[in-house]
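So the structure is just underneath, and the comments pick up after that.
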Amino acid sequence: MAEPPLLEMRGVRIEGQTGPDWLPIINGVDLTLAKGEVLGLIGESGAGKSTLGLAAMGYTRGGCRISGGSIKFAGQELVGATRADLRLLRGKRIAYVAQSAAASFNPAHNLIDQFIEGPMIHGLGDRATTQSEAVALYDAVQLPEPETIGFRYPHQVSGGQLQRAMTAMAMACKPDLIVFDEPTTALDVTTQIEVLAAIRKAVSEFGTAAIYITHDLAVVAQMADRIMVLRYGDLVEEADTRRMLSAPQEAYTKSLWSVRTFEATPKPASDPAPLLQVENVTAAYGDLTVLHDISTQVQTGRTVAVVGESGSGKSTLARAITGLLTPKQGRIVMDGKALAPDFRRRSKDDLRAIQMIYQIPDTALNPRQSVAQILARPAKFFTGLSGKALYDRVDDLLALIDLEPGLFRSRLPGELSGGQKQRIGIARALAAEPRLIICDEVTSALDQLVAEGILRLLDRLQQELDLSYLFITHDLATVRAVADSVVVMQYGKVVEDGPKAEVFSPPHDPYTELLLSSVPDMDPDWLTRTLEARR
Amino acid sequence: MNSLLRLAGTRLFYGIITLFVVSVVIFFAVELLPGDVAQQILGRDATPETLAALRDRLGLNDPAILRYLSWLHGILQGDLGASLVTGRPISDLVIGRLGNTLFLAAFAAIVAIPLALFLGVMAALYRDTWFDRTINTVTLAAISLPEFFIAYILVLFFSIGFSFQMSGPLAVIAAFVLLALLRGILQARRTGETSGIQLVMAVVFLLILLNGYFRFVPLTTEPMRVLPSLSRMSEDANFGERIFNSILPMLTLVLVTTAYTMRMTRANIVNILSAPYIEMATLKGVPPARIIFWHALPNAWAPIINVVALTLAYLITGVVVVEAVFVYPGLGQLLVDSVAKRDITMVQACCLIFAAAYVLLNMMADIFAIATNPRLLHPK
Amino acid sequence: MSDPIDTMVDQAPLPIDTETKLRRFWRLLKAAPLSVWFSLVVLACYAVLVIFAGVIAPFPETEIVAGSFLPASAEHPMGTDALGRDFLSRMIYAAQNTVLIAIVTTLISFAIGGFLGLLAATVGGWLDQGLGRAVDVLMAIPPLIFALLLLSIFGTSTLNLILIIALVDATRVFRMARAVAMGVVVMEYVEAARLRGEGLLWTVTREVLPNTIAPLMAEFGLRFCFVFLTISALSFLGLGIQPPAADWGTMVRENAALISFGEMTPLYPAAAIGLLTICVNFIVDWLLKISSGLKE
């Protein structure tokens, strides 16, 4: 095994510029990659994975620079290399697959022209041969109509197909190394599994080495031979996939792995009265019907998880319930009384009973209001408190969400972390003393550790305050963790609706079956097994 | 292709509607007058009889809608009404003036637009180099200075020249600029950033500066030193003479317009160059030239055309002041004179023509933007 | 009842940047390019002239004190104008007149256009459509032309000038304020306020407005320049600020004859106009560049 490594990065330091300062992004990381090996780079957002991946090509984004270390690709030093030298390597021997295929394809040219660009510039063949190679690769990544899909334009092709087309394009020059930068993060699970299959097939068929960057642990378990864990620009741990999964060494790695074990407090077996009933709701945006005859209910003190992929209508259902979208047919009933379809016609008590928490913490809080102001307003508005009583109430709310009042009262949202902002969002909902809280993908934008903290908090609050939750998510692991009953939605229709145990055990509706089986497990053999089973 | 035609048709339709509404606004703005037009013309000490007579003559006793419709009807047939002050038909006067203005504007556009596009692209490509920063500063100055200032400076540089003794402040500024240029050139040589084009531009700038003193290119004819700073456009001047007489106003327009357009182009190109697909092309090892021409340019047509249309629209307003400075017999000069004389019908006619050109240009910009959008050219 | 994972990740408050906003601004200022410092100094001088014109100017604004077109001398550093008034004094008074009128006009245009823009974005629906169409029509006429039309109808008094230019400019401010506000209105905290049942006034003033102030400030500088240049251009054409009030544009026009004799005096007021605009533009440019840094 005396073969020199394909990629050797030693002591790499990268800095980024904000205003007049240069701040470190990567602090002296070592990375070695052998030919044909797949290395997984995982970490939370801000860990520097993308930056490191791009550095493997000798590239830094605008405002960043490599301030130290060496990066050797096949023996050639990339740090300080001339632009011409780098151009010879890029695309030809090292290729890149970006997170967003839609943004990375030039909208003005069709797919095949962008495919053959690589081989043509690097002088690897004539147009005809390259075009037939393109068709072969499109077939290898399982794109529909491989002979003609190349002549389409990027906006004429779906997201998952574009991602596969980008993978094919990366293989155009038969590179030695491909850097995959979160290729499936933006995709639905059912699409993701197809892309993962395509990537694995392409990589193994051509013996390409790969760096696979992701924050999803289950995905990296499928794709990588070896895993490196990054945190704030430092390497935390590095090991073979199976060893790392079964016996992680560092505390941080252990905490990442243990994330998926949270389970909500089990509820008593009693069957409480329904708090909210959705009766035959049909809603539309103009001519486009987005909800078709939806019926479901939420019981007091219970959590209903609404799960579906993009376009399923789950968020639209939330808007119909809160009255932001007036249904064409059907009604929303709370405590036996029908609610006005338009929120503007609802009484203050009705408005107060249903509160919402949003997905993206940055846009959910007014950046110019302090925490105290954000919490005081709904408290004052709905419960009529003022003066000292109001002040104390704000303190109580902060204590409820585990934040020290003295430290956080006067902070602005810009001075809070993502998880803290989300907690404030929860407190804002609590300030109204609601009966039902709609959680719209509240953990989707958070790192997994932080997300688990939020789920624990929500569980505790449910126990203490007898709250009901309508939990909207696309993540089945979260559903397993928090739900009492599950509603599966697809294309604006309810596919399945029942207690969690029932929905998650066979027999299933075909779509539920597809959904459940597409969610990656932490088992490295999951992908192989699932693909076998589907054949 | 169908959706394309439909969209273009819709824009055309909206453009025409806008024109109609604009004509309504222009016409009915006069109705906002406290008192009436006749009062305005004859002043405060007019007798009721003369007022009535004037009102009768002007047809002011008819309801407004009728007057608007007959006005509109006349315009569509080429009759713009009669001047309130001279009583002569407006169309006769306007045609010649319009021709002159179009000539000036077209002349300026033909020079300014390619120059500005070129400079804008160069500045975007070499952004944050000394070249880009100098161009940015110079164009910022150009769009900040009033047009008449630039006009008079040009007159001084090219027509009248200035003697050494009274050029004190100008000498200071010129020396400052020259030193900055020199410093920039030396710096660029050190970092290896120079390109031939940038050096050429610096030399050209130097020559223009020096012309003020040494007058290599004296745009005058003896003995009157003021020519052609006051253009003399006779009706049947031949083409060469027309160009010669229009050079200084044209140059003024070119300078201001180029600055304006160049900044917009640069902003648009920088925007395109920071798109993810450009980064992807870099990561594929695509050479810079191909990135510009094959990747960036096809996406740049729409914003560039938009910029060109906006420039032409901007020219329309800029023409007014320039014509005033050089006493150029164009439509802008006519408009200004009419406003001073309160010749309202003339003002309405001129405004309508300017507004029509503006609306038409904006509409064409919209249509071209649609026609170059790849999503619309190749529908799903 | 806090969970160990929570403590590790979430409850530790982030270290607040101890640098106050003011100190950070000062540090950025010190690193600013030469053009910005130059502009600040120039603007300060202008401010002094505007405020203390009556005190600084050696001669009164409209009084004839000597023969016409006298060359520069110790008593009259810039000579005299066509009627024999001191040029330098008129320059100083003109600063006061022109700048004050431009500021007032810009403030009015912002009040109208800004308020309507925020309102249109927040309310949406028919109000937004209606205002949008009206503004589209008004903007279909080139600004200078429109101003000329209205001036010919209503006459060229200073009040008319201010109102007309403010109206024309308000359309542009409307567009810009609406665009900025639209970016804010789609934020979920505005939706949360709506769902609470907050009234329109609260939503506009407490949720939307504070988040639109920063870009609006920069725009104020730019609109001021536009207004200022338009007023000067109109004065140069004889349709703006009327004599005998001193105004830079008017002074250029009155003394334009001097150019043909190779005298540069008429260019001084023109240069004064240009210098002010250039400096405001430099500062706005710089502010826009650093504003993203400050927001963090």
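Go over the candidates C:Leu161, C:Leu149 one by one and state the one that is more than 30 Å from C:Val208 (Cα to Cα) and modelled with pLDDT of 90 or more. Quick ask: steps written out before the conclusion?
Numbers: C:Leu149 fails: modelled with pLDDT of 90 or more.
One residue alone meets the criteria, C:Leu161.
When the residues of the stretch A:151-179 are filtered to those that are more than 23 Å from the chain's Cα centre (by Cα) and among the basic types (Lys, Arg), which remaining residue is surrounded by the most Cβ atoms within 10 Å (Cβ to Cβ)? Among residues in the stretch A:151-179 that are more than 23 Å from the chain's Cα centre (by Cα) and among the basic types (Lys, Arg), the one surrounded by the most Cβ atoms within 10 Å (Cβ to Cβ) is A:Arg152. Just to be sure before I move on: is A:Gln355 in a helix (DSSP H, G or I), out of contact with any Lys or Arg (no Cβ under 6 Å at 6 or more places or on another chain) and surrounded by 22 or more Cβ atoms within 10 Å (Cβ to Cβ) in the structure I sent? Criteria not met by A:Gln355.
Taken over the stretch B:334-350, the criterion of being out of contact with any strand residue (DSSP E or B) (no Cβ under 7 Å at 6 or more places or on another chain) and more than 10 Å from every other protein chain (Cβ to nearest Cβ) is satisfied by B:Leu334, B:Ala349.
Residues that are farther than 17 Å from A:Val179 by Cβ: list the helices (runs of 4 or more DSSP H) wholly contained in the stretch A:71-149 that include at least 2 such residues. Filter on the stretch A:71-149 gives A:83-89, A:111-121, A:127-140.
Pick from the stretch A:335-352 the residues that are over 20 Å from A:Val298 (Cβ atoms) and in a helix (DSSP H, G or I): which of them is farthest from the other protein chains (Cβ to nearest Cβ)? Top of the filtered list is A:Arg345.
Checked against the criteria, A:Ile112 does not count as within 12 Å of chain B (Cβ to nearest Cβ), aliphatic (A, V, I, L, M), at negative phi and crowded, with 20+ Cβ neighbours inside 10 Å. Kindly establish whether C:Ile213 is surrounded by fewer than 22 Cβ atoms within 10 Å (Cβ to Cβ), closer than 16 Å to C:Val99 by Cβ and either touching a residue at least 60 places away in the same chain (Cβ under 8 Å) or of a type outside the set (Asp, Glu) (or both). No. On inspection, C:Glu75 qualifies as of a type outside the set (Val, Ile, Thr) and out of contact with any helix residue (DSSP H, G or I) (no Cβ under 8 Å at 6 or more places or on another chain). Of the helices (runs of 4 or more DSSP H) that lie entirely inside the stretch B:107-202, those containing 2 or more residues that are modelled with pLDDT of 80 or more and over 25 Å from C:Ile283 (Cβ atoms) span B:147-154.
If I filter the stretch A:189-211 for residues that are within 18 Å of A:Gln448 (Cβ to Cβ), within 23 Å of the chain's Cα centre (by Cα) and not in a helix (DSSP H, G or I), do I get at least one hit? Can you show your working first?
Residues of the stretch A:189-211 that are within 18 Å of A:Gln448 (Cβ to Cβ), as a first pass: A:189, A:192.
From what's left, within 23 Å of the chain's Cα centre (by Cα): A:189, A:192.
Still in the running and not in a helix (DSSP H, G or I): none.
Within the stretch A:189-211, not a single residue is within 18 Å of A:Gln448 (Cβ to Cβ), within 23 Å of the chain's Cα centre (by Cα) and not in a helix (DSSP H, G or I).
Applying a threshold of 9 Å to beta carbon distances and a minimum spacing of six or more residues, or different chains, the list of pairs starting in the stretch A:56-80 at a residue that is within 14 Å of chain B (Cβ to nearest Cβ) and ending at one that is in a strand (DSSP E or B) and acidic (Asp, Glu) reads A:Cys64/A:Glu15; A:Phe73/A:Glu8. Annotation note: Cβ proximity below 8 Å between a residue of the stretch A:399-411 that is closer than 14 Å to A:Ala376 by Cα and within 7 Å of chain C (Cβ to nearest Cβ) and a residue that is surrounded by fewer than 18 Cβ atoms within 10 Å (Cβ to Cβ) and of a type outside the set (Phe, Trp, Tyr) (sequence gap 6+ or interchain) occurs for A:Phe408/C:Pro13. Within the set C:Leu29, C:Leu49, the sole residue that is at pLDDT 75 or above and within 14 Å of chain A (Cβ to nearest Cβ) turns out to be C:Leu29. Take C:Asp247 and decide whether it is charged (D, E, K, R) and surrounded by fewer than 22 Cβ atoms within 10 Å (Cβ to Cβ). Answer is no for this residue.
Among the residues of the stretch A:377-398, those that are of a type in the set (A, V, I, L, M), in contact (Cβ under 8 Å) with a residue 12 or more places away in the chain and touching a Lys or Arg at 6+ places or on another chain (Cβ under 8 Å) comprise A:Ala379, A:Leu390, A:Val394, A:Leu398.
Checking the stretch A:128-151 against the condition returns a match, with at least one residue being more than 24 Å from A:Val220 (Cα to Cα) and within 13 Å of chain B (Cβ to nearest Cβ).
Looking only at the stretch A:6-27, how many residues end up being at positive phi and among the polar types (S, T, N, Q)? Residues that pass the stated criteria total 0. Checking B:Ile304, B:Ile370 one by one, the residue that is more than 7 Å from every other protein chain (Cβ to nearest Cβ) and crowded, with 20+ Cβ neighbours inside 10 Å is B:Ile304 and no other. Counting only residues that are under 20 Å from C:Ala47 (Cβ atoms), among the small types (Gly, Ala, Ser) and within 8 Å of another protein chain (Cβ to nearest Cβ), the stretch C:250-287 holds 2 of them.
Among the helices (runs of 4 or more DSSP H) confined to the stretch B:234-344, the ones with at least 1 residues that are modelled with pLDDT under 85 are located at B:239-273, B:297-326, B:331-341.
Going through (1) farther than 20 Å from C:Leu148 by Cα; (2) away from chain A (no Cβ under 14 Å); (3) surrounded by fewer than 19 Cβ atoms within 10 Å (Cβ to Cβ) one by one, C:Gln242 falls short only on (1).
A single entry from C:Gly221, C:Gly238 fulfils the requirement of being within 30 Å of C:Asp86 (Cα to Cα) and modelled with pLDDT of 85 or more: C:Gly238.
Tell me which residues, restricted to the stretch C:125-167, are part of a helix (DSSP H, G or I), of a type in the set (Gly, Ala, Ser) and within 9 Å of chain B (Cβ to nearest Cβ).
From the stretch C:125-167, those part of a helix (DSSP H, G or I) are C:125-139, C:143-154, C:158-167; that's our starting set.
With the extra rule that they be of a type in the set (Gly, Ala, Ser), the set shrinks to C:125, C:130, C:132, C:134, C:147, C:152, C:166.
Within the stretch C:125-167, just C:Ser152 meets the criteria.
Is it fair to say B:Ile90 is buried (at least 19 other Cβ atoms within 10 Å of the Cβ), away from chain C (no Cβ under 14 Å) and at pLDDT 80 or above?
Values: buried (at least 19 other Cβ atoms within 10 Å of the Cβ): yes; away from chain C (no Cβ under 14 Å): yes; at pLDDT 80 or above: yes.
When the stated conditions are applied, B:Ile90 passes them.
Checked against the criterion of being surrounded by fewer than 22 Cβ atoms within 10 Å (Cβ to Cβ) and under 18 Å from C:Leu163 (Cβ atoms), the stretch C:256-273 contains not a single residue that satisfies it.
Out of C:Thr106, C:Thr122, I need the residue that is modelled with pLDDT of 90 or more, of a type in the set (Ser, Thr, Tyr) and in a helix (DSSP H, G or I). Which one? Even if it seems obvious, please write down each step before you answer.
Working: C:Thr122 fails: modelled with pLDDT of 90 or more.
Of C:Thr106, C:Thr122, the one residue that is modelled with pLDDT of 90 or more, of a type in the set (Ser, Thr, Tyr) and in a helix (DSSP H, G or I) is C:Thr106.
Within the stretch B:104-135, if we keep just the residues that are surrounded by fewer than 18 Cβ atoms within 10 Å (Cβ to Cβ) and of a type outside the set (Lys, Arg), the residue that is nearest to the other protein chains (Cβ to nearest Cβ) turns out to be B:Asp128. Scan the stretch B:80-97 for residues that are in a helix (DSSP H, G or I) and touching a Gly at 6+ places or on another chain (Cβ under 8 Å) and the total you get is 3. Taking the criterion of being part of a helix (DSSP H, G or I), within 7 Å of chain C (Cβ to nearest Cβ) and over 13 Å from A:Ala429 (Cα atoms), the only residue of the stretch A:358-381 that qualifies is A:Thr363.
The values are calculated or read from the model by the stated rules, or taken from the named source; none is laboratory data. Keep in mind the model is a prediction, meaning the values are calculated, not measured. Neighbour counts run over all protein chains shown; Cβ positions are idealised from the backbone, glycine included.
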